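Quick note: the coordinates plus some simple rules give every number you see, no bench work behind them. None of these values were measured; they are calculated from a predicted model. Don't worry about glycine lacking a Cβ; one is built from the backbone with ideal geometry, like all the others, and counts go over all protein chains shown.
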Amino acid sequence: MKNKSCGNIFVISAPSGAGKTTLIRLLKSRFPKIVFSVSCTTRSPRPKEKHGKDYFFIKENEFKEMIRRGEMLEWAKVHGHYYGTPLKFVKERLAAGEDIILDIDVQGARQVKEKLPEATLIFILPPSWEELKRRLFKRSTESLEEINKRLKAAQKEIKAAETFDFIVINDEINKALKELEAIMLASKAKVEKRKSVIQEFLEEEENEVNRAR
């Protein structure tokens, strides 16, 4: 029996410092067949980031033109820069039956849910506010002004977590990873994702009855 259902879309969001990047990197090794969407952004590359792998780094006028043409599944302006997910890329992967993960902010997650209600939204939460601050300062990749800006944004992002389908608390990385894996596996087995299988069973049974006549 062949399952003809389309792929699953998972949206993972978190405030800066929650450990989302590490969890997603580990997911890539656990689920090698899952497609990880590459977003477009107008910000400059950070050390070791590569164009086409981590992000598509484009000019602001090019990004705005893609918005005008309706080529973004979601987009947002975060910390002074534009981020967005190309719509064509996502639709093609889902139609091919592939599962896809979007690593985007809460604004983008809301837009995806509006356009694709079947999407599963997962929010990564740090164990405490103090731990979030500690992680941000430990990274040593942003200025004090930038860290304060991210902490202010984190307050709004964490409030938005209530609108997500699942919350994973990243206190211990392996435990958080197991929770994330369990959510993804369970989401793939939802009834609405398996309706095509039920239909195939019924069609097969009907064909057998017809052949027996």
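Yes or no: the stretch 43-53 includes at least one residue that is touching a helix residue (DSSP H, G or I) at 6+ places or on another chain (Cβ under 9 Å), surrounded by fewer than 17 Cβ atoms within 10 Å (Cβ to Cβ) and in contact (Cβ under 8 Å) with a residue 40 or more places away in the chain. No, there is no match, as no residue in the stretch 43-53 is touching a helix residue (DSSP H, G or I) at 6+ places or on another chain (Cβ under 9 Å), surrounded by fewer than 17 Cβ atoms within 10 Å (Cβ to Cβ) and in contact (Cβ under 8 Å) with a residue 40 or more places away in the chain.
Where helices (runs of 4 or more DSSP H) sit wholly within the stretch 1-105, those with at least 1 residues that are β-branched (Val, Ile, Thr), closer than 30 Å to residue 159 by Cα and under 16 Å from the mean Cα position of the chain (by Cα) occupy 20-30, 87-95. Annotation: residue 172 fulfils all but one of (1) free of Cβ contacts under 8 Å to residues at least 24 places away in the same chain; (2) in contact with a Phe, Trp or Tyr (Cβ under 7 Å, 6 or more places away or on another chain); the unmet one is (2).
Just to be sure, is residue 140 touching a residue at least 40 places away in the same chain (Cβ under 8 Å), out of contact with any Gly (no Cβ under 6 Å at 6 or more places or on another chain) and not aliphatic (A, V, I, L, M)?
No.
Does at least one position in the stretch 119-134 carry a residue that is under 24 Å from residue 37 (Cβ atoms) and part of a helix (DSSP H, G or I)? No: zero hits.
The residue pairs whose first member lies in the stretch 188-213 and is assigned to a helix (DSSP H, G or I), whose second member is surrounded by fewer than 10 Cβ atoms within 10 Å (Cβ to Cβ), and whose beta carbons are closer than 6 Å, counting only pairs six or more residues apart or on different chains, are 200/1. For the stretch 88-103, a residue qualifies if it is surrounded by fewer than 17 Cβ atoms within 10 Å (Cβ to Cβ) and touching a strand residue (DSSP E or B) at 6+ places or on another chain (Cβ under 7 Å), and exactly one does: 98.
From the list 78, 106, the one residue that fits, being within 23 Å of residue 184 (Cα to Cα), in contact (Cβ under 8 Å) with a residue 60 or more places away in the chain and hydrophobic (A, V, I, L, M, F, W, C), is 106.
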